[in-house]
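Engineer: First the structure, then my questions, so here it is.
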Amino acid sequence: MKQLYTLFFFLSFTLISYSQSEDGLVKWLSFDEAQKLNKQQPKPFIVDIYTDWCGWCKHMMKTTYSNPNIAGYINQYFYPVKFNAETKDTIEFNGKVYKPTSPNPKTPHELAIKFLGNSLSYPSTIFIANNFEFNLLSQGYLEDKKIEPLLIYTVESVFKSATYDEFSTQFNHTFYDTVFTKLPVKTFTLKEIEKLSKKSPKKILVNISAGFCNSCKVQYATTLKDSTIAAYINKNFYFINFDAESNDTLIFRGEKCYKTILNGYPLHTFALRATNNRLQFPSIAVLDDKQNTLDALNAFLTPKNLLPILKYYAEDKYKTTPWADYIKAYHENKK
């Protein structure tokens, strides 16, 4: 099971009194310090790219980076680096050496050019993850509501399965802009499904989430309540919405499942058994009508990505057609 991120990220900032510290509340590091720490314990990087003359850079330090919740989240889950784009220092980053382009003032550093290309605007913020393979650049001042989805997108590895624009839109629908078309998903317990299956057998979807997983909240509030997705699930599946931190004891495939310590964190063994020990947040386990696991969807899924997967299993295509062939034909038919 991959590392579990204990994300205690609270999206309420109305009563916060911001610090006026020049560097905010973030514990900034140099590139050298961050890379040494990363060798001991890998984490994403967040790089604040600024200049001494940039007023909006200073304002972002006094507001966004002085928000205790934002700063606390960054300090816990990132290696934060504050980088002067016009520094005269030589910097080694990811195995390469970068130098100043000129001894003259107000000239960009080679590393600033690497990060920003020809768009040398400040402040700029770059998010780096997945052993330096993932880079996401955001330019301009980032207020609280703009930086929140960027942080979660990076920490919870949502970038592996969705574009940032897709996730940001769904994030805002979940926490801020709640006016959008949605349809409730009918939820059942295992006991209820066992009774219903005797007369009307269906495959089962188990949505597995946890309180510390913000992308789980977004996926449930938007993807799974998308009107097309919810209607398809309600017609073709029995749906269980399962909290992996539940204290309840239940019987699954004839065995007792309960909350215990897994990888140092209290989680329910049902979450592991339903995913065949492939638990990662967010997860959707696909079971057949006999409660056998067919698949564990271990990624944040948008409605357009989830729908063909649901059809693949609901229509029993998985029995005759490899997924790669199915999804290729699916997209060709949609053209």
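The values are calculated or read from the model by the stated rules, or taken from the named source; none is laboratory data. This one's a predicted model, so the numbers in the text were calculated from it and none came from an experiment. Methodologically, a virtual Cβ is constructed for each residue, glycine included, from the backbone with ideal geometry; neighbour enumeration extends over all protein chains shown.
Engineer: Report whether or not A129 is touching a Ser or Thr at 6+ places or on another chain (Cβ under 6 Å), outside the structural domain of F212 (by TED's automatic domain parsing) and of a type in the set (A, V, I, L, M, F, W, C).
Structural biologist: On the way: touching a Ser or Thr at 6+ places or on another chain (Cβ under 6 Å): yes; outside the structural domain of F212 (by TED's automatic domain parsing): yes; of a type in the set (A, V, I, L, M, F, W, C): yes.
Answer is yes for this residue.
Engineer: A follow-up question, please. Which of the residues belonging to segment 220-255 are among the hydrophobic types (A, V, I, L, M, F, W, C) and under 26 Å from K182 (Cα atoms)? So that I can check it myself, show each step before the final result.
Structural biologist: The initial filter retains those residues of segment 220-255 that are among the hydrophobic types (A, V, I, L, M, F, W, C), namely 221, 224, 229-231, 233, 237, 239-240, 242, 244, 250-252.
Scanning segment 220-255 gives A221, L224, I229, A230, A231, I233, F237, F239, I240, F242, A244.
Engineer: How about segment 4-53: which of its residues are at pLDDT 95 or above, touching a Phe, Trp or Tyr at 6+ places or on another chain (Cβ under 7 Å) and either exposed (fewer than 13 other Cβ atoms within 10 Å of the Cβ) or among the β-branched types (V, I, T) (or both)? Outline the logic, then answer.
Structural biologist: Taking segment 4-53 as the starting set, the residues that turn out to be at pLDDT 95 or above are 25-53.
Okay, now just the ones that are also touching a Phe, Trp or Tyr at 6+ places or on another chain (Cβ under 7 Å), so 25-26, 29, 31, 34, 37-38, 43-51.
Passing the criteria: V26, I46, V47, I49, T51.
Engineer: Would you please list the contacts, defined by Cβ atoms under 6 Å and residues six or more apart or on different chains, that run from a residue in segment 176-196 that is closer than 23 Å to I251 by Cα and assigned by TED's automatic domain parsing to the domain that holds T302 to a residue that is among the charged types (D, E, K, R) and outside any strand (DSSP E or B)?
Structural biologist: none
Engineer: State which residue is nearest to the chain's Cα centre (by Cα) when the search covers only segment 60-100 and only residues that are of a type in the set (V, I, T) and surrounded by fewer than 14 Cβ atoms within 10 Å (Cβ to Cβ). Steps first, please.
Structural biologist: Of the residues in segment 60-100, the ones of a type in the set (V, I, T) are 63-64, 70, 74, 81, 87, 90-91, 97.
Restricting the remaining residues to those that are surrounded by fewer than 14 Cβ atoms within 10 Å (Cβ to Cβ) gives 90, 97.
Working: T90: 34, V97: 31 Å.
In this case the residue turns out to be V97.
Engineer: Here is a further query. If we keep just the residues of segment 22-48 that are among the β-branched types (V, I, T) and touching a residue at least 60 places away in the same chain (Cβ under 8 Å), which is farthest from T87 (Cα to Cα)?
Structural biologist: Kept after step one, since they are among the β-branched types (V, I, T), are these residues of segment 22-48: 26, 46-47.
Of the ones still in play, those that are also touching a residue at least 60 places away in the same chain (Cβ under 8 Å) are 46-47.
On the way: I46: 18, V47: 14 Å.
Per the criteria, the residue is I46.
Engineer: On to the next question. Could you please let me know if T228 is under 17 Å from the mean Cα position of the chain (by Cα) and either in contact (Cβ under 8 Å) with a residue 12 or more places away in the chain or surrounded by 14 or more Cβ atoms within 10 Å (Cβ to Cβ) (or both)? Can you show your working first?
Structural biologist: On the way: under 17 Å from the mean Cα position of the chain (by Cα): no; either in contact (Cβ under 8 Å) with a residue 12 or more places away in the chain or surrounded by 14 or more Cβ atoms within 10 Å (Cβ to Cβ) (or both): yes.
Against the criterion (under 17 Å from the mean Cα position of the chain (by Cα) and either in contact (Cβ under 8 Å) with a residue 12 or more places away in the chain or surrounded by 14 or more Cβ atoms within 10 Å (Cβ to Cβ) (or both)), T228 does not qualify.
Engineer: I would also like to ask the following. Which residues, taken from segment 31-87, are in a loop (DSSP other than H, G, I, E, B) and either of a type in the set (D, E) or within 20 Å of T154 (Cα to Cα) (or both)? Lay out the reasoning, then the answer.
Structural biologist: Quick first cut of segment 31-87, residues in a loop (DSSP other than H, G, I, E, B) only: 41-44, 51-54, 63, 67, 78, 85-87.
Within segment 31-87, Q41, P42, K43, P44, D52, N67, F78, E86 qualify.
Engineer: Another question about this same structure. Answer yes or no as to whether N118 is closer than 21 Å to K96 by Cβ, of a type in the set (S, T, N, Q) and part of a strand (DSSP E or B). Reasoning before the result, please.
Structural biologist: Details: closer than 21 Å to K96 by Cβ: yes; of a type in the set (S, T, N, Q): yes; part of a strand (DSSP E or B): no.
So N118 does not fit the description; no.
This table checks each residue for (1) more than 24 Å from K160 (Cβ to Cβ); (2) at pLDDT 95 or above; (3) hydrophobic (A, V, I, L, M, F, W, C); (4) in contact with a His (Cβ under 8 Å, 6 or more places away or on another chain).
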{"residue": "F242", "(1), (2), (3), (4)": "no, yes, yes, yes"}
{"residue": "T249", "(1), (2), (3), (4)": "yes, yes, no, no"}
{"residue": "H268", "(1), (2), (3), (4)": "yes, yes, no, no"}
{"residue": "S283", "(1), (2), (3), (4)": "no, yes, no, no"}
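Engineer: Residues that are among the polar types (S, T, N, Q) and in contact with a Pro (Cβ under 8 Å, 6 or more places away or on another chain): find the helices (runs of 4 or more DSSP H) completely inside segment 158-221 holding 1 or more of those. Spell out how you get there, then give the answer.
Structural biologist: On the way: elements: 164-175, 190-199, 214-218.
Helices (runs of 4 or more DSSP H) meeting the threshold: 164-175, 214-218.
Engineer: Shifting gears a bit: For the structure I just gave you, tell me whether T187 is buried (at least 22 other Cβ atoms within 10 Å of the Cβ), touching a strand residue (DSSP E or B) at 6+ places or on another chain (Cβ under 6 Å) and not aliphatic (A, V, I, L, M).
Structural biologist: Details: buried (at least 22 other Cβ atoms within 10 Å of the Cβ): no; touching a strand residue (DSSP E or B) at 6+ places or on another chain (Cβ under 6 Å): yes; not aliphatic (A, V, I, L, M): yes.
Considered against the rule, which asks whether it is buried (at least 22 other Cβ atoms within 10 Å of the Cβ), touching a strand residue (DSSP E or B) at 6+ places or on another chain (Cβ under 6 Å) and not aliphatic (A, V, I, L, M), T187 comes out as no.
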